[in-house]
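Undergrad: Right, I'll just put the structure down here and ask away after.
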Amino acid sequence: MYNNSRVKFHIYPWLSLILLVILPSLHYSQQSFNDILSAENRLKFGNYLFCQKDYLRAADEYREYLKISNNDTLRFKIGYSLFKLGRFHESMDNYKSLFYNSALTDEAKLQFIKIKFLLNDFADFRSIIDQKNYSTNNYPGIETKLYQLSLLFDDLVTDSLLFINSFDQDEKNVMLKFYMQRKYPGYKNETTAGILSAIIPGLGKIYADETGDGITSFILTYALSFLSYNNFKNDHNTRGWIFAGLAAYFYAGNIYGSLSAVQNYNAALNFRFDSDLRLYLSQKNYFIHEPDFLCK
Amino acid sequence: MRLNNFNDKILLNKIVRLVVVLFFISQCMIAQSELKKWIKLDATYETEQPARSGYIIKNKEAGSLLLSVFKITYNFLISDLDGDNCPFYPTCSQFFIQSVEETNLVKGALMFADRFTRDTNIFKRYPYYPLHKSGRLYDPVHNYKLNFSDVVHYPGDIVVQ
């Protein structure tokens, strides 16, 4: 039941109290928001993201920091982040900004050269090394190694002694192995495969390490030839000629196939050589010692 | 208007409450009503079929005409009846067409004979060939044109896009 004398709703004191609580809290939260986005916090957060390998957001934080203050280390780290993100050309442009008047000039040039090497245009890579514009003062040995390796990738090494001597003592054995592999890759010969397949169908494919295809080819040609012979023998000349035509067709196809099998075999050899060498170089980080600030 | 009477105040209170409740109910009704009413739909279990090649002769040149005749005959007599069985991408008939288009009829026919042999070898499947994104084994034409610079080795553990 309502009591007449006591039913009053005093809204203004309550409203005042709510406003007194809300307004200071809004003010406080706004202040703390400003602190979070301070340059120091962006730098700390960027470093944290960088060490967590979140390179995309780390680069964003570093860029925000660079709007307030210049920092060569951060420019280097942005270049490194872009490289890790696969944005090679952007990364190279970023490193170029450190080529002059910076304590990290040599390191930036090394990273630039490494990316140029990874782009697989070795002729362009060698022309850049020859220009000397991108040469480092402190790491000439690394440039020479990569230069020689670019020649090895393109199969243009002419002086084996010069090639081997470009590398350190502990690397020479591995490099000698790669050099010999490139020099004597163990290619199969197309003509040999063709002749073998002409003598016995499928033999050229077996020579090209395609044993299953070789046996299939032999069975197919043999079966069609037998059918042709059998039909001629039993006076079914029309069928005999049809099977003879098919046998000849697959016989010719088997010779052609053995040539292409050899080409595929040789391409696989090249692929394995490239993969092994790239894996080795990747493990050695392309002979480049990266700065300690990169959170390894 | 001043409400001196206690009953008037109670009445006003009730009216305000009623208005508030009606307001919320109307909002809920508006939110529920949609422009298009929900209706029952019959479920369809049809899967999307790849486009058929069709029996169309597109080109009137002699070579293309011959090729089209081969293709149509093969599709009509064998492929459409036998079904989608080729494990490779491109399929054997597509391989033949591409081979002839990229080289010539004689070389394309030899490439097809070689492909047919590889197709017959049921023991050489994955992982000797890489997978194409279509789920078939990837065996492209450019690796068999006898042009070494065109040959690309695909390791068996990748999916070609």
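The values are calculated or read from the model by the stated rules, or taken from the named source; none is laboratory data. Keep in mind that this is a model prediction, so the values were computed, not measured. Heads up, the Cβs are rebuilt from the backbone with ideal geometry, glycines too, and the neighbour counts pull from every protein chain shown.
Undergrad: I'd like to know if the stretch A:222-242 contains one or more residues that are under 21 Å from B:Y129 (Cβ atoms) and surrounded by 15 or more Cβ atoms within 10 Å (Cβ to Cβ).
TA: No, the stretch A:222-242 contains no residue that is under 21 Å from B:Y129 (Cβ atoms) and surrounded by 15 or more Cβ atoms within 10 Å (Cβ to Cβ).
Undergrad: What single numbered condition from (1) part of a loop (DSSP other than H, G, I, E, B); (2) acidic (D, E); (3) away from chain B (no Cβ under 14 Å) fails to hold for A:D209?
TA: The one condition A:D209 does not meet is (3).
Undergrad: If I ask for residues that are over 22 Å from the mean Cα position of the chain (by Cα) and under 13 Å from A:F287 (Cα atoms), which ones from the stretch A:118-143 would you list?
TA: Within the stretch A:118-143, A:Y139, A:P140, A:G141 meet the criteria.
Undergrad: What's the number of the condition B:N104 fails, among (1) within 14 Å of chain A (Cβ to nearest Cβ); (2) modelled with pLDDT of 85 or more; (3) crowded, with 16+ Cβ neighbours inside 10 Å?
TA: (3)
Undergrad: Considering only the stretch B:76-95, I want to know if a residue exists there that is touching a helix residue (DSSP H, G or I) at 6+ places or on another chain (Cβ under 9 Å), within 13 Å of chain A (Cβ to nearest Cβ) and not aliphatic (A, V, I, L, M).
TA: Checked against the condition, which is being touching a helix residue (DSSP H, G or I) at 6+ places or on another chain (Cβ under 9 Å), within 13 Å of chain A (Cβ to nearest Cβ) and not aliphatic (A, V, I, L, M), the stretch B:76-95 yields at least one hit.
Undergrad: Next question. Among the residues of the stretch A:223-277, count how many are among the charged types (D, E, K, R), more than 9 Å from chain B (Cβ to nearest Cβ) and either under 18 Å from A:T191 (Cα atoms) or assigned to a helix (DSSP H, G or I) (or both).
TA: Kept after step one, since they are among the charged types (D, E, K, R), are these residues of the stretch A:223-277: A:233, A:235, A:239, A:272, A:274, A:276.
From what's left, more than 9 Å from chain B (Cβ to nearest Cβ): A:233, A:235, A:239, A:274, A:276.
Now narrow it down to the ones that are either under 18 Å from A:T191 (Cα atoms) or assigned to a helix (DSSP H, G or I) (or both): A:233, A:239, A:274, A:276.
Count: 4.
Undergrad: Filter the stretch A:124-165 down to residues that are in contact (Cβ under 8 Å) with a residue 24 or more places away in the chain and among the polar types (S, T, N, Q) and give me whichever is surrounded by the most Cβ atoms within 10 Å (Cβ to Cβ).
TA: Among those residues, the one meeting the criterion is A:S150.
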